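Written out below as C-alpha cells is the structure these notes cover.
The values are calculated or read from the model by the stated rules, or taken from the named source; none is laboratory data. The shown structure was predicted, so the numbers you read here are calculated from the model rather than taken from an experiment. Cβ coordinates were reconstructed from backbone atoms using ideal geometry, including for glycine residues, and neighbour counts include every protein chain displayed.
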Amino acid sequence: MNILNDLSRINKFIFNRSSLYFLLLIIAIFTFDRITKNLIIKSFVDEIFYFNKFMNLDLVWNTGIGFGLLSYDSLLWYNLTTVLIGLVVITLFYFMIISDNLDKLIFSIIIGGALGNLYDRLSYNAVPDFIDLHYNTFHWFTFNVADIFITLGVLIMVLREFFVKNK
C-alpha cells in the first residue's frame with residue numbers, strides 16, 4: 001500500500017503546477033553551472049587569474065567527489081563513484097517528489113548542482129573546479145558553482161533539521 005501512495009505522490013508531483021518551479025530551479029542551477037564551467041574551460045589553459053588576495057580562478061580537473069575528495073587514478077573507482085552519484089541523484093529526485101515544498105526547494109538546489117557535476121563526470125571524465133579560496137599560503141579545496149549549490153542545499157537541510165520544528 002505504501003508503494004501505491006508513493007506512485008500517487010509522483011503522479012501529483014508531475015502534474016502539479018508548483019512542481020514546475022522546482023524543475024525550473026534545477027534547470028537554472030544546472031545551466032548557470034554549465035555556463036561558468038564553459039567560460040573557465042575556454043578561458044584558462046595553464047594560467048591562474050588572481051582575482052584578489054583571497055581568491056584565484058584556477059582550472060583543476062577533479063576525478064574525485066566534491067572539493068576533490070576521494071580522487072584516485074583508478075578507472076574502476078571513478079566509474080563506481082559516478083554510478084553511485086547517479087543513484088544518489090535519482091534518490092534525491094524521489095525524495096523531492098514525496099516531500100513538502102520547503103524540502104522540495106532544498107532537494108532542487110542539491111539536485112541542480114549534482115546534475116552539473118554528474119554531467120561533467122560523464123562528458124569529461126572529470127569535473128572542472130576553478131574557485132580557489134585562500135589566505136596567505138592556506139588554500140581551501142578548489143571548487144565550482146555546482147559545489148556551491150550542493151553545499152548550500154545540504155547546509156539549509158541541516159539548519160532546517162535543527163531549527164524548524166516538524167509537524
statement: When the range 92-137 is checked residue by residue, the ones that are free of Cβ contacts under 8 Å to residues at least 24 places away in the same chain and within 14 Å of the chain's Cα centre (by Cα) are Leu92, Phe93
- prompt: Do we find a residue being surrounded by fewer than 17 Cβ atoms within 10 Å (Cβ to Cβ), farther than 24 Å from Thr151 by Cα, out of contact with any helix residue (DSSP H, G or I) (no Cβ under 9 Å at 6 or more places or on another chain) and at pLDDT below 75 anywhere in the range 51-65?
  reply: no
Output for the range 105-162, where each listed residue is touching a Leu at 6+ places or on another chain (Cβ under 9 Å), at pLDDT 95 or above and hydroxyl-bearing (Ser, Thr, Tyr): Ser108
- request: Return the only residue of Ile85, Ile97, Ile106 being closer than 13 Å to Leu25 by Cβ and of a type in the set (A, V, I, L, M).
  value: Ile106
